[in-house]
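Step one of this worksheet: look at the structure below.
The values are calculated or read from the model by the stated rules, or taken from the named source; none is laboratory data. Here the structure is a predicted model, which means the values were calculated and not measured. Cβ coordinates were reconstructed from backbone atoms using ideal geometry, including for glycine residues, and neighbour counts include every protein chain displayed. Just so you know, the surface numbers come from the protein's heavy atoms only, side chains and all, with ligands and any DNA or RNA stripped out. Shrake-Rupley method; radii C 1.70, N 1.55, O 1.52, S 1.80 Å.
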Amino acid sequence: MDGARKPYRTGVLTGRFQMIHLGHIEMIEKAREICEKIIILVGSSQEAGTEKNPFSYEERRDMLKAVFPDDNISVFPLPDAGFGNHILWGEYILNRVKEYTGTLPDLMITGREERREGWFSGPNGMNVAELAVPKSVPLSATQMREWLIQGEKEKWSEATAPALRERYSALRETVLASVGKKETDSI
């Protein structure tokens, strides 16, 4: 699509990104193919230093920008709102995008989340197209963190972006420091 207008002006992805892996990269690459601009919302942005959320929002943002330094990709925080798995979460996401960018996105790019179908066609004209990208890489951020804990550098390296491989020791140190912690270090 060199020089040609892409089908969507702005696409949005959400995730905690508590260790960026090839599955995340695949979804973002798909978004880059079809969207002129990409907004990445980093969930649980208020959390840091716990076993489930070892990395701060700033660390996750910096990792995403290291992998995707493109000017057309913006990364913003998405604090938990306490809605749980509910359509209000869709409205919350769209309102955050509008707050950060001044406009609604054209497309939501998600994983295979049937439970979230229709979350982005809510009230107030918030009708946004949805694209579910099937998971083709059998990875999770939980597995990536386990490999860091276990010192499985080779497995971890094969499952992440080359731009992050030089950060292995620092990332491992952060994850090891979070083992067994349930309370956040932030706020």
Considering only protein heavy atoms, what per residue accessible area in square angstrom results for the chain with a 1.4 angstrom probe? 51 Å²
Express in % the proportion of alpha carbon pairs of the chain at distances exceeding 20 Å. 55 percent
Any idea what the dipole of the chain comes to, in debye rounded to 20, about its Cα centre with Lys/Arg Cβ at +1 and Asp/Glu Cβ at -1? 100 debye
Keeping all protein chains in the complex and leaving out DNA, RNA and ligands, what accessible area do you get for Lys182 with a 1.4 Å probe, in Å² to the nearest 10? 150 Å²
As a test of reading the structure, rank Arg5, Arg145, Arg172 by solvent-accessible area (1.4 Å probe, protein chains only), most first. Arg5, Arg172, Arg145
Length-normalised contact order of the chain in % [C-alpha pairs under 8 Å, at least 6 apart]: 29 percent
If the elastic network links every pair of Cα atoms under 10 Å, which of Asp80, Asp71, Asp62 fluctuates the most in the Gaussian network model of the chain? Asp71
Suppose R0 equals 25 Å; then what is the FRET efficiency for Gln143 and Thr101 from their Cβ-Cβ distance, rounded to the nearest 0.05? 0.15
Of all accessible surface on the stretch 1-86 at a 1.4 Å probe, what whole percent is carbon and sulfur? 49 percent
What does the stretch 1-87 give for Rg and for Dmax, in Å, if only its C-alpha atoms count? 13.8, 44
Any chance you could check the Cα centroid distance between the stretch 49-67 and the stretch 149-187 for me, in angstrom? 10 Å
